[in-house]
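*Asks:* Submitted below is the structure of interest, expressed as structure tokens.
Read-outs: derived from the displayed coordinates by stated rules, not from any lab. These numbers come from a predicted model, not from an experiment. Note that each Cβ is placed from the backbone with ideal geometry, even for glycine, and that neighbours are counted across all protein chains shown.
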Amino acid sequence: METEATVSEFQQMLSARGVSRRSFMKLCGAVAVAAGLSELAAPRVAQALESSVIGAAKGKLYPVIWIEGASCTGCTEAFAKLEAPDAASIVLEMISLNYSETLSAAAGESMELAKEQTIKECAGNYILVYEGAVLEGWGGQALRVADKPGTEHLYEAAESAAVVVALGSCAVNGGWMGAHPNQAGALGVQEYLKKQGVGTPVVNVPGCPANPEWLVAVLADVVLLSLAPSELDLTSEGKPAGIFGQTVHDNCERRGHFENGEFVYEFGSKEEALGYCLYPLGCRGPQTKANCGVVLYNNRRSWCVQAGAPCIGCCEANPNDPGHNWVEVNTPFYKRHRDLRIGDWMVQPGTIALGITGILAAALVVHGFGMKITGRMDGGADFEKVRSWDAKHPDKSIGKYDAADVPNDKKEGR
Amino acid sequence: MAHLAHYREAHPMPFVITHWINLVAMILLIVTGFCIHFPFWPYFMGIARGVHVFCGFVLFINCIARVVMAFFVKSSPTGGTRVQVTDYKTWLPQADNRHQGIHWIRYYLFLKKDHPLSAKLGVPQKISYLAIPVLIIVMFYTGLALWNPTMNLGFFAAGTDLVGGLMSMRIIHYFMMYIFICFMLIHVYLANIEGISPTLLMFFHKEHGGLVYDPEKHAIVGEDDLKH
């Protein structure tokens with residue numbers, strides 16, 4: 001019996017869920033990278049996970065409230081679609097999801113009660129995940145939940161949270177909800193809380209939908225590595241730097257073809273099948289910051305560009321400016337430029353520029369004919385004898401006009 | 001022959017060189033810029049990007065050098081004279097320019113028959129040339145805000161934030177290229193429509209006889225046929 005390998009308590013939990021040690025370590029490596037650490041930190045993450053999950057099994061779960069604002073539930077769906085049993089579901093079990101409109105089994109008054117209790121009893125010690133845009137329109141009545149404006153729900157839950165995770169581009173700055181004409185007054189969580197004077201730190205995780213692994217990475221940072229929000233490595237836009245620090249283009253699997261000058265000009269073409277670069281089809285990879293090409297999607301199966309679709313820049317979101325939402329900034333997706341809006345008229349910058357340049361060129365041709373007709377093409381018209389102004393103001397004349405003047409060749413060295 | 005004599009003193013050699021560099025760099029920047037915006041010639045993309053970045057730096061450094069040289073190199077304050085002053089003075093308002101702005105515009109709109117007297121640079125010309133270094137510097141800035149190795153530096157990232165993201169920055173960079181194209185169209189047209197002597201002087205230092213202008217009297221005082 002002494003030579004028999006023993007299985008740890010944690011490993012038993014893993015195998016009970018059909019997760020191999022190997023796939024668990026793979027996830028830990030990914031979480032470490034997503035959290036901005038080296039893959040070498042995987043054991044540290046694994047250890048933190050183990051103790052957390054074991055702690056969780058003993059009833060010490062970190063409470064999370066997941067509120068949906070003006071959302072399509074896509075971010076929840078993406079998160080829920082993590083295949084079960086999957087290594088990532090273990091991570092799910094490190095938190096206690098006390099309130100989620102979609103994932104919770106309960107509904108109605110009892111759920112609202114559970115939320116209120118969490119806010120009250122775990123003040124300063126829970127995470128608020130907010131999905132979807134904040135709607136300020138019509139005095140906050142653009143969105144009503146449980147007989148209250150949606151904004152009130154956010155305010156109450158955010159005020160005593162340890163950290164707010166704005167999940168998805170809508171939560172970051174209104175997303176496509178904030179696109180013109182934005183009648184519902186959509187804006188992002190960070191901007192709304194700032195306006196309301198709520199100082200709870202916000203971590204922005206854009207995407208449409210946000211990759212669930214990004215949320216896992218943030219949860220791992222806060223819950224497992226016990227990092228204070230101020231210790232998180234965030235960009236100037238409050239996004240995790242390890243995830244949103246580089247462009248999609250930087251880590252794209254088709255990048256080699258970009259460098260070679262091998263491009264796809266048409267969907268369904270031979271070039272597309274060869275995996276050439278999608279740049280001419282309006283790919284927003286070079287200007288969109290996210291590590292999609294590294295973490296992939298759907299349990300690391302594929303991602304937009306691998307599937308043959310150019311990046312449409314869904315992670316572009318400036319938290320302080322609902323007008324700078326990814327739909328407004330990137331449509332039409334398959335053109336290299338966005339459309340500019342002049343009133344109700346949408347126009348490509350190239351059309352304006354070429355139009356003006358064309359008009360100018362035509363005007364110069366017409367002007368050229370004028371110069372020809374007036375006989376100015378051979379050295380120009382004859383000079384005025386006296387400046388027009390000088391002729392009218394002889395007492396203050398600029399020039400000294402004297403027909404008897406001769407060139408001072410000596411002085412000028414002729 | 002109504003134009004002033006074209007003397008080398010108007011465009012001393014250092015400025016002939018900077019003008020050549022401007023021309024070559026701008027043409028290459030525009031051609032490669034179009035290719036980067038949309039890869040019309042796919043296999044040229046890699047070269048286009050390298051040339052674009054290189055020429056961007058060349059144009060910027062050349063611009064700074066030209067502005068600095070304006071304070072050390074001498075050039076003629078007007079056409080038709082070999083007298084020289086420190087170059088920067090020919091960029092400031094001169095007595096020869098005074099009250100002439102409106103008449104230049106009237107001349108080009110065919111509302112004035114005779115040619116306005118002026119300094120080496122006419123009023124609209126002086127104003128548009130002065131805008132060029134500003135344009136080059138702003139263009140260089142927008143370019144570096146889009147160039148991956150520099151886009152994340154605070155100085156450039158702040159500008160990108162200010163204009164509403166990289167797409168806006170790209171469109172500004174793109175529109176500014178057209179400002180350069182429009183400037184070049186007008187510049188080439190006006191420099192050559194009354195004869196190519198100014199071009200021969202600017203590029204090849206080839207002189208051409210003409211009327212003589214006295215920058216002290218601010219008037220035409222005779223003619224120099226360069227003893228042809």
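*Asks:* To the nearest whole number, what is the average tally of beta carbon atoms from other chains within 10 Å of the beta carbons of peptide B:208-216? Walk me through the numbers on the way to the answer.
*Replies:* On the way: counts 1, 0, 1, 4, 7, 3, 8, 1, 3.
Across the residues of B:208-216, the mean count of other-chain Cβ atoms within 10 Å is 3.
*Asks:* Arranged by the count of other C-beta atoms within 10 angstrom, fewest first, what order do A:Asp339, B:Asp214 take?
*Replies:* Working: A:Asp339 16, B:Asp214 22.
If I rank by nearby Cβ atoms, fewest first, I get A:Asp339, B:Asp214.
*Asks:* If you project the alpha carbons of region A:260-340 onto the principal axes, what extent comes out on each, in Å, largest first?
*Replies:* Computed over region A:260-340, the largest-to-smallest principal extents equal 41, 33, 20 Å.
*Asks:* Would you mind classifying region A:213-367 by shape? Square roots of the alpha carbon gyration tensor eigenvalues, ordered a ≥ b ≥ c; an a/c under 1.5 is rounded, otherwise it is prolate if a/b is larger than b/c and oblate if not.
*Replies:* Values: a/c = 2.95, a/b = 1.59, b/c = 1.86.
Cα axes put region A:213-367 in the oblate bin.
*Asks:* Now for a different question. How much mean residue ellipticity at 222 nm does chain A get from its helices, if each DSSP H run of length 4 or more adds -39500 (n - 2.57) and you divide by all residues, to the nearest 500 deg cm²/dmol?
*Replies:* On the way: 18 runs with 152 residues, N = 414.
That comes out to -10000 deg cm²/dmol.
*Asks:* For chain B, what does the convex hull of the Cα positions come to per residue, in cubic angstrom?
*Replies:* Working: hull volume 34.2 nm³, N = 228.
Hull volume over Cα atoms, normalised by residue count, gives 150 Å³.
*Asks:* At q = 0.14, 0.19, 0.20 Å⁻¹, what is the log10 ratio I(q)/I(0) for region B:74-196, with the Debye formula run over Cα points and no solvent?
*Replies:* Per q value, in the given order, log10 I(q)/I(0) is -0.77, -1.02, -1.07.
*Asks:* Going by Cβ distance under 4.7 Å, what cysteines of chain A have no possible disulfide partner?
*Replies:* Here A:Cys28, A:Cys72, A:Cys75, A:Cys122, A:Cys170, A:Cys252, A:Cys277, A:Cys283, A:Cys292, A:Cys304, A:Cys311, A:Cys315 come out as lacking a disulfide-compatible partner, given the Cβ-Cβ threshold of under 4.7 Å.
*Asks:* Provide the descending list of Cα extents for region B:35-114 along its principal axes, expressed in whole angstroms.
*Replies:* On the principal axes, region B:35-114 reaches 53, 38, 18 Å in Cα extent.
*Asks:* Looking at chain A as a GNM with Cα springs under 10 Å, which of A:Pro319, A:Pro280, A:Pro206 has the largest mean-square fluctuation?
*Replies:* With Cα springs under 10 Å in chain A, the top fluctuation among A:Pro319, A:Pro280, A:Pro206 is at A:Pro280.
*Asks:* Give me the orientation-averaged projected area of the Cα convex hull of region A:159-305, in nm², one decimal.
*Replies:* Details: hull surface 43.1 nm².
Average of the hull's projected areas for region A:159-305 equals 10.8 nm².
*Asks:* Please report the projected area of region A:287-391's Cα convex hull averaged over all directions, in nm². It would help to have the intermediate numbers written out before the result.
*Replies:* On the way: hull surface 58.4 nm².
The number I arrive at for region A:287-391 is 14.6 nm².
*Asks:* For a protection proxy built on the mean count of beta-carbon atoms within 10 angstrom, sort B:139-148, A:282-291, B:177-186 highest first, please. Intermediate results must be reported in sequence, preceding the final value.
*Replies:* Numbers: B:139-148: 19.0, A:282-291: 24.2, B:177-186: 17.2.
My ranking of the peptides, most packed first, is A:282-291, B:139-148, B:177-186.
*Asks:* Remind me, relative contact order of chain B in percent, using alpha carbon pairs under 8 angstrom and six or more residues apart? Spell out each step's value before the answer.
*Replies:* Values: 285 pairs, mean separation 62.6, N = 228.
About 27 percent, as a whole number.
*Asks:* Another question, then. How far is helix A:109-121 tilted off the main Cα axis of chain A, in degrees rounded to 10, range 0 to 90?
*Replies:* Taking the Cα atoms of chain A, the angle to A:109-121 is about 80 degrees.
*Asks:* Averaged over A:357-368, how many beta carbons belonging to a partner chain fall within 10 Å of each residue's beta carbon?
*Replies:* On the way: counts 5, 0, 1, 6, 5, 0, 3, 7, 1, 0, 7, 2.
The per-residue average across the peptide is 3.
*Asks:* Given N residues in region A:176-226, what is Rg(Cα) / (2.2 N^0.38 Å)? Display every interim value, and only then the final one.
*Replies:* Numbers: Rg = 14.0 Å, N = 51, 2.2 N^0.38 = 9.8 Å.
Working it through for region A:176-226, the quotient is 1.43.
*Asks:* I've got another one for you. Would you mind pulling out the separation of the Cα centroids of region A:162-176 and region A:282-310, in Å?
*Replies:* 20
*Asks:* I need the calculated FRET efficiency for the pair A:Ala80 and A:Asp250, taking r as the beta carbon distance and R₀ as 22 Å, to the nearest 0.05. Before the final figure, lay out the partial values.
*Replies:* Details: r = 30 Å, r/R0 = 1.36.
Calculated transfer efficiency: 0.15.
*Asks:* Separate question: So what is the relative contact order for chain A, in percent, with contacts set as C-alpha pairs under 8 Å and at least six apart? Let's see the in-between values first.
*Replies:* Details: 682 pairs, mean separation 53.4, N = 414.
13 percent.
*Asks:* Need one value for B:74-82: mean number of C-beta atoms belonging to other chains within 10 Å of its residues' C-beta atoms. Please report the intermediate quantities before stating the final value.
*Replies:* Numbers: counts 0, 0, 1, 0, 0, 0, 3, 5, 6.
That average works out to 2.
*Asks:* Taking 1 over the mean of 1/r across every pair of different Cα atoms in region B:130-228, what Kirkwood radius in Å do you get? Intermediate results must be reported in sequence, preceding the final value.
*Replies:* Numbers: mean 1/r = 0.0583 Å⁻¹.
Final number for the Kirkwood radius of region B:130-228 is 17.2 Å.
*Asks:* As a test of understanding, state the convex hull volume per residue of chain A from its alpha carbons, in Å³. Write out the running numbers ahead of the final one.
*Replies:* Working: hull volume 128.7 nm³, N = 414.
Value for chain A: 311 Å³ per residue.
*Asks:* Separate question: Would you kindly state how much longer the chain becomes between A:Phe369 and A:Ile352 on full extension, computed as 0.36 nm times their sequence separation minus their alpha carbon distance, in nm to one decimal?
*Replies:* Numbers: separation 17, 0.36 × 17 = 6.12 nm, distance 2.61 nm.
Here the segment from A:Phe369 to A:Ile352 would lengthen by 3.5 nm.
*Asks:* What is the ratio of the Cα radius of gyration of region A:330-378 to 2.2 N^0.38 Å, with N the residue count, to two decimals?
*Replies:* Details: Rg = 17.6 Å, N = 49, 2.2 N^0.38 = 9.7 Å.
Against the empirical 2.2 N^0.38 Å value, I get 1.82 for region A:330-378.
*Asks:* Related question: From zero up to wherever the largest Cα-Cα distance of region A:127-214 sits, split into 10 Å bins and tell me the percent of pairs in each.
*Replies:* Result returned by the calculation: 20, 52, 27, 1.
*Asks:* Now for a separate question. What order do you get for A:Val406, B:Val16 when you list them from fewest to most C-beta neighbours inside 10 Å? Don't jump to the answer; show the numbers that get you there.
*Replies:* Working: A:Val406 11, B:Val16 16.
Ranked by crowding around the Cβ, least crowded first: A:Val406, B:Val16.
*Asks:* Let me ask something else. Against the longest alpha carbon principal axis of chain A, how many degrees, from 0 to 90 and to the nearest 10, is the axis of helix A:42-57 turned?
*Replies:* 50
*Asks:* Something else now. Give me the angle, in degrees from 0 to 90, between the Cα long axis of helix B:166-192 and the longest principal axis of the Cα atoms of chain B, rounded to the nearest 10.
*Replies:* Value to nearest ten degrees: 20.
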